[in-house]
Amino acid sequence: QVQLVESGGGLVEPGGSLRLSCAASGFPFSDYSMSWYRQASGKERELVAAVSIHGTSTIYLDSAKGRFTVSRNNSKNTVTLDMNSVKAEDTAVYYCKAFGQRDTRKTYWGQGTQVTVAS
């Protein structure tokens, strides 16, 4: 079955770093663009970062530029979000998303992982 499992969330101090990982299985990972979304309490879900099929193109939420880095490993079927210089406003549930780019337009979502930035 299709699975997207996030890990790495937790409590981190302001200015610190955190690495989120998403392990994918059950679908042709290399045919899907991958992205990270987040949803803070009381806020709408927003795109944080995305990476193309082969990892050659990336996009970022403006507030994440220069602080976050998204990457993927098609041999391991994983996508990673490296978060640096985190701020309180980064607190949210982070979700991994897969979107088909070839003959499919299927979308898959992970269950999410909580990131809390606080002292």
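The values are calculated or read from the model by the stated rules, or taken from the named source; none is laboratory data. This is a predicted model, so every value here is computed, not measured. Note that each Cβ is placed from the backbone with ideal geometry, even for glycine, and that neighbours are counted across all protein chains shown. Surface accessibility is based on the protein's heavy atoms, side chains included, excluding ligands, DNA and RNA. Shrake-Rupley method; radii C 1.70, N 1.55, O 1.52, S 1.80 Å.
For this structure, a couple of remarks:
- The selection criterion, being within 20 Å of Gly8 (Cβ to Cβ), in contact with a Phe, Trp or Tyr (Cβ under 9 Å, 6 or more places away or on another chain) and of a type outside the set (A, V, I, L, M, F, W, C), holds for Asn77.
- A search for C-beta distances below 6 Å between a residue of the stretch 75-102 that is farther than 21 Å from Ser7 by Cβ and any residue that is open to solvent by less than 40 Å² (accessible area, probe 1.4 Å) and assigned to a loop (DSSP other than H, G, I, E, B), counting only pairs 6+ apart in sequence or on different chains, returns Ser85/Arg67; Gln101/Ile53.
- Matching residues, the stretch 67-114, being out of contact with any Lys or Arg (no Cβ under 6 Å at 6 or more places or on another chain), open to solvent by 30 Å² or more (accessible area, probe 1.4 Å), small (Gly, Ala, Ser) and not in a strand (DSSP E or B): Ser75, Ala88
- Pair list, Cβ < 6 Å and 6+ apart or interchain, from the stretch 35-56 residues that are more than 15 Å from Asp82 (Cβ to Cβ) to residues that are among the aromatic types (Phe, Trp, Tyr) and assigned to a strand (DSSP E or B): Tyr37/Tyr95; Arg45/Tyr37; Leu47/Tyr37
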